[in-house]
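The values are calculated or read from the model by the stated rules, or taken from the named source; none is laboratory data. Bear in mind the structure is a predicted one, so any value in this text is a computation, not a measurement. Counting neighbours? That spans all protein chains shown, and the Cβs are built from the backbone with ideal geometry, glycine included. Ligands, DNA and RNA are excluded from the accessible area calculation, which covers all protein heavy atoms including side chains. Shrake-Rupley method; radii C 1.70, N 1.55, O 1.52, S 1.80 Å.
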Amino acid sequence: MPHTTRLLFVAGSARKDSYNKRLAILGAEIANANGIHSSFADLGDYPMPIYDGDLEAAEGPPENARKLKALFEVHHGVFIISPEYNASIPPLLKNALDWVSRIRDRDEPPLAVYKTRVFAIGSASPGAFGGIRGLSVLRQTLELGTGALVLPDQFTVPRADKAFGDNGHLADKKSMELYKTTIEKLARAALIMRGEFSRS
Ligand SMILES: Cc1cc2nc3c(=O)[nH]c(=O)nc-3n(C[C@H](O)[C@H](O)[C@H](O)COP(=O)(O)O)c2cc1C
C-alpha cells in the first residue's frame, strides 16, 4: 500500500552492536519494502546533557533535542524499540523523551509533538522475556506522561543474541510476519491520525 505516511524508527540504545538498533533498522527496511516511507534515527547522533532544570533555565533545551523534535514532526508515526534496563527505560531514551517534552515552539500547546502522532513500542533482549517489563514503563511514559497515542500491539524479541540471521532479518519467520503486521498497523493508525489533524 504505497502512501505518503512516514514512519520513524528510533532505538533506545546507541551501542554499536545494539540488538535494539538492529531491530529498529530492520523495521525501517520492512516498512520501506512494503511501500511505507521510513527512516531510522540513532540517538547516538543526538547527544544531550542529562536533563537539569537550572541548565534549561540558563540555556534552554539543547540543540539536539530541538533537532530530534523536528525529526518527530516530519514523521506521522514513531516506532520506539528499546532495551529494558532493570525493568525500566534506559536513561538515554528517557532523557531524550524528557528534553523533547520541554520544547514548545510557535505557541503550540504543551506536548503537541507527542499528541499529534501515533507511537508503537518494541524491545529486544538476550533474556527470555524480551524486555517486555521495560515496555510497560515506556508505555506509561508516553501515554500518561506525554498524552501520546500508543498502539496496543507491541513487539518483543527474546533471546536477541540468537534471533538475527546473517541478512539482518529475524530467523523466526512468524516473528518477521508479526513485526511487519505491527508496522502496518502503525502506518494505518498514523494515516488516520494525520487525517484528524489536517481537518482540525
Ligand atoms: C544497566 C542494565 C540493566 C539491564 N537490565 C535488564 C533487564 O531488566 N531485563 C533484560 O532483559 N535485560 C537487561 N539488561 C541486559 C540488556 O537487555 C542487554 O544488555 C541488551 O543487549 C541491551 O540492549 P542493546 O543490545 O540494544 O544495547 C540490562 C543491561 C544493563 C546495562
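Here are the numbers for this structure:
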item	result
So residue 98, is it open to solvent by 40 Å² or more (accessible area, probe 1.4 Å) and on the phi > 0 side of the Ramachandran plot	no
Filter result for the condition that a residue is assigned to a helix (DSSP H, G or I) and within 12 Å of the chain's Cα centre (by Cα), over 58, 28, 41, 65	28
Matching option when the condition is at pLDDT 95 or above and closer than 27 Å to residue 161 by Cβ, among 65, 33, 70, 58	33
Residues of the range 44-55 that turn out to be under 24 Å from the mean Cα position of the chain (by Cα) and not in a loop (DSSP other than H, G, I, E, B), as a count	2
Among residues of the range 10-42, those that are closer than 11 Å to residue 81 by Cβ and within 13 Å of the ligand (Cβ to nearest atom), counted	13
Of all residues in the range 68-84 being hydrophobic (A, V, I, L, M, F, W, C) and part of a helix (DSSP H, G or I), the one that is nearest to the ligand (Cβ to nearest atom)	68
Sole residue being within 12 Å of the ligand (Cβ to nearest atom) and in a loop (DSSP other than H, G, I, E, B), chosen from 134, 127, 168, 122	127
Test: residue in the range 156-163 that is among the polar types (S, T, N, Q) and free of Cβ contacts under 8 Å to residues at least 60 places away in the same chain	yes
Search result, residues across the range 56-88 that are surrounded by 23 or more Cβ atoms within 10 Å (Cβ to Cβ) and within 23 Å of residue 124 (Cα to Cα)	68, 77, 78, 79, 80, 81, 82, 83, 84
Residue match in the range 3-24 (condition: of a type outside the set (A, V, I, L, M), open to solvent by 70 Å² or more (accessible area, probe 1.4 Å), touching a residue at least 60 places away in the same chain (Cβ under 8 Å) and part of a strand (DSSP E or B))	yes
Unmet requirement for residue 2, which otherwise passes all of (1) modelled with pLDDT of 95 or more; (2) closer than 15 Å to residue 183 by Cβ; (3) away from the ligand (no atom under 16 Å from the Cβ); (4) of a type outside the set (Lys, Arg)	(1)
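This table checks each residue for (1) in contact with a strand residue (DSSP E or B) (Cβ under 6 Å, 6 or more places away or on another chain); (2) within 25 Å of residue 72 (Cα to Cα); (3) buried (at least 20 other Cβ atoms within 10 Å of the Cβ).
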site: 121; (1), (2), (3): yes, yes, yes
site: 128; (1), (2), (3): no, no, no
site: 132; (1), (2), (3): yes, yes, no
site: 140; (1), (2), (3): no, yes, no
site: 144; (1), (2), (3): no, yes, no
site: 153; (1), (2), (3): no, yes, no
site: 166; (1), (2), (3): no, no, no
site: 170; (1), (2), (3): no, no, yes
